[in-house]
1. D101 versus K72, label points 7 Å from Cα toward the beta carbon: distance in nm?
2. Show me 77-88, 213-224 ranked by packing, highest mean number of other Cβ atoms within 10 Å first.
3. Please find the FRET efficiency linking Q65 to E173, where r is the Cβ-Cβ separation and R0 is fixed at 51 Å, and quote it to the nearest 0.05.
4. Would you mind ranking E173, E59 by Cβ crowding within 10 Å, fewest neighbours first?
5. Which of K85/K126; K126/K239; K4/K214; K214/K294 have a Cα-Cα distance over 29 Å?
6. Sort S131, S228, S12 so that the residue with the fewest other Cβ atoms within 10 Å of its own Cβ comes first and the one with the most comes last.
7. Nearest 0.05, what FRET efficiency do I28 and E224 give at R0 = 25 Å with Cβ-Cβ as r?
8. Summing +1 for each Lys or Arg and -1 for each Asp or Glu, what net charge is found among the other residues whose Cβ lies under 14 Å from the Cβ of I73?
Amino acid sequence: MLKKVLFAVDFSPFTERMLECAGELAAIGMNEMVLLHVIDAKMHAEYGEHLSPAYTAMEEEARRQMEQLAGKIGGDGYKLKTVIKAGSPAQTIVETAREEDVDFIYMGAHGKGFFNRLLLGSVSEKVLALSDRPVMIQQCRINEEGGGFSCQNVCGLLLENILIANDFSQYSEKIKPVLNSFTESFCAPVTLLHVQEGKSTFGWDAAFKAKKEKARSEMEALQEMADSLAPSCKSVNVKLVEGNPAQWILQVAEDINASLIVIGAFGYRTTGGFLGGVAQRVIRESERPVLVLKA
């Protein structure tokens, strides 16, 4: 699953920090990385078929910076391809991912350019909504110093300790093959988390029995899933809790010091449902990288 990655770059300092993870990705199977930079098509839209001087200058500068960036990471142990395109950033990222047939899209947060509003802006939401393949959002904790900024906690053993959230919905069943393929790419401790939510409309006794039965059923399902992952993972722990899903995902990630949160999303949308709106909140609030799986 991790053999070919599309990395959307904006040439910010965060871009270089994110690329520090390339060696780790290569160590677990990545053999090709596609570096993509998108120049907003609005720069020359008014000129029709003719490119504006401003766009031409931006394209030349982008090629210069891309060459420097490629030279720094070197592509040691994996193929490196650079692509520069003009268009709508989110749409171009998704289309390029399909054209290159990558296994997942790797995006940064809190960079400069059109990534400076990634967590709350339209680019990430559109990519997550339109993508037909997994998307990894790499977080950056901003450390402001002397009028500038630096990025912390970018890459520290990305696959060292993984939290996987599952809601046992019909959609979660569809992403099981994707999840199994993902875990086969590495060998690391995994925590499987399921959060029970919602209030019963039954009387107290009926509600208690219903909750107990539901908990038993879901714990069995968690254990069954853990057993299916066990051959690939060093250890698989299961955790069943009750409450607000997004809040618990973030809290458990903090408690176990997760290096990566893996969560699902409903196909072509990122709102509504447990792993829709919940995934959206986790991505916005997490300081840890989040991998959103797609069926």
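FYI, it's all coordinate maths here, none of it is from the lab. On a predicted model such as this, the values are computed, not experimentally measured, just so you know. Reconstructed Cβ throughout: ideal geometry from the backbone, glycine too, with neighbour counts over all protein chains shown.
1. Going from the D101 label point to the K72 one covers 3.2 nm.
2. Numbers: 77-88: 15.6, 213-224: 13.6.
Ranking, from highest mean packing down: 77-88, 213-224.
3. Numbers: r = 44 Å, r/R0 = 0.85.
According to the calculation, E is roughly 0.70.
4. So the ranking, lowest neighbour count to highest, is E173, E59.
5. Values: K85/K126 18 Å; K126/K239 32 Å; K4/K214 40 Å; K214/K294 26 Å.
Violating the 29 Å Cα-Cα cut-off are K126/K239; K4/K214.
6. Details: S131 23, S228 14, S12 19.
Fewest to most other Cβ atoms nearby, the residues stand as S228, S12, S131.
7. Result of the calculation: an efficiency of 0.45.
8. Working: positive: R17, K72, K79, K81; negative: E16, E20, E24, E32, E67, D76.
Overall, the nearby charge balance is -2.
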